[in-house]
Amino acid sequence: MTDTLPKSVAETAPASAPGLKRSIGVVGGTLLTLSCVTPASTLFVIVPDLFSSLGTATALCIAIGALLCIPVAFCYSELGTLIPSAGGEYAMVSTLAGRLAGWLAFVMSLLVVMIVPPVIAMGTADYLAPVIHLDPSFTGAGVMLAATLAGLLDLRANAWITGVFLVLEVVAAGVVALLGFSHAHRGLGSLGSLQVAGEHAHVGAVTAMMVVSGLAIALFVTQGFSTAVYLSEELENPRRNVARTVLATLAISSVVILVPVVAITLGAGDLKALTGGDISSMVIAWSNSAVGTFVSLCVALAIINAGIVMVIQNSRVLFASARDKAWPSPVNNALAKLGRFGSPWVATLVVGVPGAFLCFVNLDTLYGVTGVAVTGLYLLVAIASLLGRRGAHGTSKAWRMPLWPAMPILLIAVLVYILVEQDPSYLWWTGGITAAATLYWAFYLRPRRDTRWLVSLPEDVQVAEPAQA
């Protein structure tokens, strides 16, 4: 039988659980969350690979994928307002689907926590190349250390820092869009067909399989909207503002990414240039080298910005796991420490410093594992959303998604298909890590169920929302 949380969260919360300071509203939360999505770095890093395989159909597939991400955002919005915890997915899944499911959600999120930030940070050197040539590993390590130092600051200060960087990357995306539309070589009708140049040049219709691949792409292109859930303990009025931040971030990031993709598709001089995916060269061809350098530097700042926000987000996950007694007492006490700025400083260092060292490791296989982990994480959240209206949770004050339960059921079906289509080696690696985590649960956490892995909510939410009869 599933080891669920039989009591209300308020009853099982550790009495001495420390709390984060509520210091940001919807605007600050949206700026931080958008910075984690990094629309400009997505446009310049991920989209070029899509152009090489999808050609002129890239924009259509991203649009369909973004639409299919709406059920994911709905699940996060409802559960994030129902369970507003810095633990994010694991807090929501533990409370609604049982402690073991929540622990596995935490392990999957931990994989992403430790691997994705250094992988992204290593890309900084490529976009600093117009100014200075640097080693990718050392540059990535420097970005991780700088992001760690920024993560030690007050969250409000970080919202301003990331907000400035975010404006620059949106400006860069806007410049690309303006140049692309002003140099259009083909009409909007080309967006509905698959035209690819090169050795396997062909023209064809967009198929159902491309719709599925569009969803897989969108899960990574716009996945940063989940950051709003991790920040829920520091958002003012989380019962209202978590959903607003999640949905606003998904909408804004989709537009910021999709509009330049359409412009690039229409403005590319020929199919070979489009499928080559060298957006910087296209920008220079449309304007001059100075504009190309400006755009590249903005992308480099976007990557640094993403590093800061990911360190902030990931440190909150570790902080919450310590507060919820996931580890032996000395580890819990250390990870739950708050610094003078109200940030979990030990958890921040634990996330950031190892990330700097990971910049010197070949992470190709591990990066594939994170793809499986993210898909599995979304699957657990979707399952939890199906259980989110049982008993007292059904009458609790929270934002409620439309078309429930059709939305999570659709999402579960698509995510299962995506998992089946993953590389078997990545599935084996993730399965092995999951098995090890299950053993830790079976031999350490479950025998200590009264003192370990007690998912808690912030005290101000508990007071505002007393347990339902």
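The values are calculated or read from the model by the stated rules, or taken from the named source; none is laboratory data. Everything numeric here is computed off the predicted structure, so don't read it as measured data. Cβ atoms come from the backbone with ideal geometry, glycine included; neighbour counts cover every protein chain shown. What goes into the accessible areas is simple: the full protein's heavy atoms, side chains included, and nothing from ligands, DNA or RNA. Shrake-Rupley method; radii C 1.70, N 1.55, O 1.52, S 1.80 Å.
Remarks
- Sole exception among (1) under 22 Å from the mean Cα position of the chain (by Cα); (2) under 30 Å from G391 (Cβ atoms) for A121, by number: (2)
- Criterion applied to G277, G342, G292, G267 was being in contact (Cβ under 8 Å) with a residue 40 or more places away in the chain and more than 30 Å from C61 (Cβ to Cβ), and the one residue passing it is G342.
- Residue ranges of helices (runs of 4 or more DSSP H) in the stretch 263-343 with at least 2 members within 25 Å of the chain's Cα centre (by Cα), over 30 Å from R446 (Cβ atoms) and modelled with pLDDT of 80 or more: 289-323
- Some residue of the stretch 62-77 being among the β-branched types (V, I, T), crowded, with 24+ Cβ neighbours inside 10 Å and under 14 Å from the mean Cα position of the chain (by Cα): yes
- Looking only at residues of the stretch 228-250 that are touching a Leu at 6+ places or on another chain (Cβ under 9 Å) and of a type in the set (A, V, I, L, M), we find that the one that is nearest to I70 (Cα to Cα) is A248.
- From the options V361, V381, V420, V350, residue that is touching a Phe, Trp or Tyr at 6+ places or on another chain (Cβ under 7 Å) and among the β-branched types (V, I, T): V381
- Set L266, L335: member being farther than 23 Å from P39 by Cα and either open to solvent by less than 50 Å² (accessible area, probe 1.4 Å) or among the basic types (K, R) (or both): L335
- The criterion of at least 1 residues that are touching a residue at least 12 places away in the same chain (Cβ under 8 Å) and in contact with a Lys or Arg (Cβ under 8 Å, 6 or more places away or on another chain) is met by the following helices (runs of 4 or more DSSP H) wholly inside the stretch 99-181: 99-121.
- Scanning the stretch 371-391 for residues being in a loop (DSSP other than H, G, I, E, B) and either open to solvent by 40 Å² or more (accessible area, probe 1.4 Å) or basic (K, R) (or both) gives a total of 2.
- Every residue from the stretch 305-358 that is charged (D, E, K, R) and under 20 Å from M92 (Cβ atoms): R316, R323, D324, K325
- Flag for V259 being open to solvent by 10 Å² or more (accessible area, probe 1.4 Å), within 20 Å of T33 (Cβ to Cβ), in a helix (DSSP H, G or I) and at pLDDT 85 or above: yes
- Enumeration of residues in the stretch 290-318 that are within 12 Å of T124 (Cβ to Cβ) and of a type in the set (G, A, S): S296, A300, A302, A306, G307
- When each of G355, G432, G368 is tested for being in a helix (DSSP H, G or I) and either crowded, with 20+ Cβ neighbours inside 10 Å or at positive phi (or both), the lone residue that passes is G355.
- A count restricted to the stretch 392-403 and to residues that are in contact (Cβ under 8 Å) with a residue 40 or more places away in the chain and part of a helix (DSSP H, G or I) stands at 3.
- Within the stretch 113-137, the residues that satisfy the criterion of being crowded, with 21+ Cβ neighbours inside 10 Å and of a type in the set (V, I, T) are V113, V116, I120, T124.
- Looking across S329, S226, S296, one residue alone is farther than 22 Å from V175 by Cα, of a type in the set (S, T, Y) and surrounded by fewer than 24 Cβ atoms within 10 Å (Cβ to Cβ). It is S329.
- If you go through the stretch 404-420 and pick out every residue that is free of Cβ contacts under 8 Å to residues at least 60 places away in the same chain and either exposed (fewer than 13 other Cβ atoms within 10 Å of the Cβ) or under 22 Å from the mean Cα position of the chain (by Cα) (or both), you end up with 8.
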